[in-house]
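Written out below as structure tokens is the structure these notes cover.
The values are calculated or read from the model by the stated rules, or taken from the named source; none is laboratory data. Just so you know, these numbers come straight off a predicted model, no measurement behind them. Glycine also receives a Cβ, built like all others from the backbone with ideal geometry; neighbour counts cover every protein chain displayed. Accessible surface is based on the protein model in full, side chains and every heavy atom, while ligands, DNA and RNA are left aside. Shrake-Rupley method; radii C 1.70, N 1.55, O 1.52, S 1.80 Å.
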Amino acid sequence: MAINPTAKLQEPTKEEKKGEEETAQLEKPIIKVPVLTVEDEILNNITLIGKAVSTIEPRFTIRVLRTLTTLRKKLNKSNFKNVLDQAFPKGSKTGQSLIANPIFSNLPESSSTISTSDKPSEEMEIDPTPTTDDASKDKEATTQSQPKKKFSPPLDSSGNELIPEGVMYLRLLLILLNLDAGNTVEAGEFALETSEIISSLNRRTMDQIAAKVWFYLARSYELQGRLTELQPSFLAIRQTASLRKDETLEVTVINLLLRSYLASQQYDQADKLIAKSTFLGAANQAQTVRWLFYAGRLRAIQLNYAQARNYLQTAIRRAPKDEVAPGFVQLIHKYFIIVVLLTGVIPDRAMFRKPVLKQALLPYFQIVQAVRIGDVAGFQKSFEANEEVFKKDSTHFLILRLRHFVLKTALRTITLSYSRISLSDICLKLNLESEEDTEYIVSKAIKDGVIDAIINHEKGYLKSNKIKNLYETDEPSLQFNKRIQFCTQVYNESVRAMRYPPNAHRKELDTAADARERDREIAQLIQENENDADDMDDMGDI
């Protein structure tokens, strides 16, 4: 009997499909991917630094420094000792001196007696997509049985020592170990010694590591309350970095100077530094956000609230994710809320509902409520209850300025409620000391345009004028102009961020293999940016 080729084929039953799926699951090979230990991660970073030195590509060093946040949490004396034993070649005097240094020997022992290198390496089973090609299966089997590569340290020109960049990276990790252990004095002395060694070597391949060393040097001195002692050194190293076109170190030191000036209330010096220095924001995103925050704080102190609001708003937009640096994000929002109130605007309530900000901004939410309704007694009560919090955040003196805004809001509410009211009643409602103070405050509010009223000095009362329609004034046009300026600023910043150096497209790599390698590294870097803490690893130290 002839079979019709156009006849519909019989579909397999559900039992047959289920059997085929089970068979495919059993045929899937299991690939065992070993998890890197802390020692292997650090040694791989040293290899990347060696690659950065040989190829003169700072992006490899930047990639290494971006792992400091996660690496710092897993590092201890035991696994760092194993790293020192493997990182230096046999007979290295530098490695022996680093192990014998008191700053390493005085570190507290880790809680775990077994090093991560002595533990059996954890393995993770991954089920790949099924393949039917025998050649691909053989290839996968080959990849499974690949032995672990032995670490070969990148050596200097003499061939007997580790490259100086690798040594400085290990010294940086040792500084972090001492800071985490609470040895701030020893960490500061060792960081100062490391910065002097970097200056004496004068190698451009150390620029990124030098910026980190100076940052943690300032951090250790700040924890001791001696940050102002480093101001002459900061000024000298900033000038040197500017002459060498070392943008990363320059912007780092500028921010450290600003932080030192603001902490010691040297506002004139901070203003001169901002006016006479050119901040290169493209060098480092974390330093850009920090500079915007410091500039916003300074402008708020100088009563320039409009510019302070712009700086802080831009800092909030460019700040890291909430889970990366929650403390820094909270601090920016605290200053932003106070500055917005000082400009006469009530902040959006949705800002206080974010999980990261909800508890931290609770004292400021009480202040905002008092300012919004003009509750003078509530404002004073909230201020006294949270005075220690405001002093710790250094917003104490800014919140004191808000009392005038509370009084103005209360006066505006009174003039809307009463067409005529005596000054003595206003004095009682605002809890002021005397009628003379009340008369002065009301006169100032009328002069500033807060209220539209007339004071009868002979009979001692305040008479409100007829309320005008808001759309008959120039307020709508002013608000519309303000929004247009903000949109134009965002557009200009976006266009400026998309600009590239001249003739950047003409730079060609030597071979196609180098081009593919670079594309692969860029794709990996983008993926790390999405999952990692970006380059904000030092934001938590603010």
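Here are the numbers:
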quantity: Residue list for segment 346-355, filter: loosely packed, with under 11 Cβ neighbours inside 10 Å and of a type in the set (A, V, I, L, M); calculated: A350
quantity: Segment 33-78 - residue that is hydroxyl-bearing (S, T, Y) and in a loop (DSSP other than H, G, I, E, B) and, of those, farthest from T205 (Cα to Cα); calculated: T37
quantity: Top-ranked residue of segment 460-491 - restricted to ones that are β-branched (V, I, T) and at pLDDT 75 or above, ranked as surrounded by the most Cβ atoms within 10 Å (Cβ to Cβ); calculated: V490
quantity: Failed item, numbered, when H457 is tested on (1) open to solvent by 60 Å² or more (accessible area, probe 1.4 Å); (2) in contact with an Asp or Glu (Cβ under 8 Å, 6 or more places away or on another chain); (3) within 30 Å of K381 (Cα to Cα); calculated: (3)
quantity: Hits in segment 211-239 - residues which are loosely packed, with under 15 Cβ neighbours inside 10 Å and in contact (Cβ under 8 Å) with a residue 40 or more places away in the chain; calculated: Q224
quantity: Single unsatisfied condition, A24 versus (1) part of a helix (DSSP H, G or I); (2) surrounded by 15 or more Cβ atoms within 10 Å (Cβ to Cβ); (3) of a type in the set (A, V, I, L, M, F, W, C); (4) modelled with pLDDT under 85; calculated: (2)
quantity: Members of segment 196-227 that are in contact with a helix residue (DSSP H, G or I) (Cβ under 7 Å, 6 or more places away or on another chain) and within 13 Å of R171 (Cα to Cα); calculated: I198, M206, I209, A210, K212, V213, W214, Y216, L217
quantity: Count - residues of segment 267-298 that are within 18 Å of N310 (Cβ to Cβ), at pLDDT 85 or above and not hydrophobic (A, V, I, L, M, F, W, C); calculated: 6
quantity: Single condition L243 does not satisfy, out of (1) crowded, with 21+ Cβ neighbours inside 10 Å; (2) within 29 Å of T205 (Cβ to Cβ); calculated: (1)
quantity: Test: residue in segment 280-287 that is touching a helix residue (DSSP H, G or I) at 6+ places or on another chain (Cβ under 7 Å), open to solvent by less than 50 Å² (accessible area, probe 1.4 Å), farther than 19 Å from F328 by Cα and without any contact (Cβ under 8 Å) to a residue 60 or more places away in the chain; calculated: yes
quantity: Scan of segment 409-434 for residues that are surrounded by fewer than 19 Cβ atoms within 10 Å (Cβ to Cβ) and either within 39 Å of the chain's Cα centre (by Cα) or among the aromatic types (F, W, Y) (or both), ordered by number; calculated: Y418
